[in-house]
Amino acid sequence: MSNSIKAAIVQLKWTGDVDSMTEEHVKAARDAAAEGAQVMCFQELFNGPYFCQVQDPEYYKMAEQIPDGKTTQMMCELAKELGMVLVVPIYEEEQPGVLYNSAAVIDADGKYLGKYRKTHIPQVEGFWEKYYFRPGNLGYPVFETAVGKIGVYICYDRHFPEGWRALGLGGARLVFNPAATSRGLSSHLWKLEQTASAIANLYFVGAINRVGVEPLGDNDFYGTSYFANPRGEFVGDLASDNEEELVVRDLDMDLLAEVRNQWAFYRDRRPDCYSPLTDG
């Protein structure tokens, strides 16, 4: 009998307001559950626009507490109702003026398990994230869920291999990378970096990108969300590059042991030789 899990990701366009954006994700979660999904991740900063295209203090108001804020509490109730693990990327306020780009992880029984805070924060044209977020300070947690150990990396993090490896060393079998990525310099990397990270660290990756052009800027978010297996192969087709789409895939978890036996990367690591990477 195959040891598989059914996982879901969703790419949506900005609706124009937080309430309707939240409703669209709740609908997507219900649709995924109807298809048998056991775990699902939403897109980066899921219930808002990608406001980092501008620098405006008005958007500080969108941040809320995790787990005590209304969105996390709502998603805990939804996870319990659907019996589905949820990864919910939210703009987090730890305290006034201390804000993070985070993701809450909720188990299938509705229990809040913890959060990941985006570690690497860009500050370039169209991605003014240092204006809004402090760098994450919680390390690279791996969460024990109803579908096994999962991890989260967020958008720009994906350019840095160290966190991917830390999640693998923590035992992650599936890592989600919710993103807001637009056509341009990094477009050709979208299908390369995350598949390569799946291979290097021998786990499944769920890559999520929003879709469409939003009123705050001309960034064209190109969707193309997908799952990659530990051989770096796409699991099924990639999502559309311009339309909203729910992606539900069966992930064969038996493949993890098979590939790890073929490519013994964890056995052959040489951390004793890597100190120069952190000395500089």
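Scanning segment 32-61 for residues that are under 19 Å from the mean Cα position of the chain (by Cα) and not in a loop (DSSP other than H, G, I, E, B) yields ALA32, ALA33, VAL39, MET40, CYS41, PHE51, CYS52. Applying the condition of being surrounded by 15 or more Cβ atoms within 10 Å (Cβ to Cβ) and of a type in the set (D, E, K, R) to segment 52-99 and asking which residue is nearest to GLY148 (Cα to Cα) yields LYS80. Among all positions in segment 203-216, there is at least one residue which is among the hydroxyl-bearing types (Ser, Thr, Tyr) and under 23 Å from ASN3 (Cβ atoms).
Here are ARG134, ARG117, ARG183: which of them is closer than 20 Å to THR72 by Cβ and surrounded by fewer than 17 Cβ atoms within 10 Å (Cβ to Cβ)?
It is ARG134.
Residue under question is TYR116, and the condition is that it be at pLDDT 95 or above, among the aromatic types (Phe, Trp, Tyr) and closer than 24 Å to ARG30 by Cβ; does it hold? For TYR116, the condition - at pLDDT 95 or above, among the aromatic types (Phe, Trp, Tyr) and closer than 24 Å to ARG30 by Cβ - is not met. Within segment 60-101, can you find the residues that are within 22 Å of CYS155 (Cα to Cα), without any contact (Cβ under 8 Å) to a residue 40 or more places away in the chain and touching a strand residue (DSSP E or B) at 6+ places or on another chain (Cβ under 8 Å)? Matches in segment 60-101: ALA63, GLU64, GLN65, MET75, GLU92, GLU93, GLU94, LEU99, TYR100. With a requirement of 2 or more residues that are free of Cβ contacts under 8 Å to residues at least 40 places away in the same chain and under 24 Å from TYR91 (Cβ atoms), the helices (runs of 4 or more DSSP H) lying completely within segment 157-272 that satisfy it span 161-169, 190-201. Looking at segment 86-105, can you tell me whether even one residue there is in a loop (DSSP other than H, G, I, E, B) and within 19 Å of the chain's Cα centre (by Cα)? Within segment 86-105 (the criterion being in a loop (DSSP other than H, G, I, E, B) and within 19 Å of the chain's Cα centre (by Cα)), the answer is no, since none of the residues qualifies.
The values are calculated or read from the model by the stated rules, or taken from the named source; none is laboratory data. Every value quoted in this text rests on a predicted model; they were computed, and no experiment measured them. Note: ideal-geometry Cβ built from the backbone for every residue, glycine included; neighbour counts use all protein chains shown.
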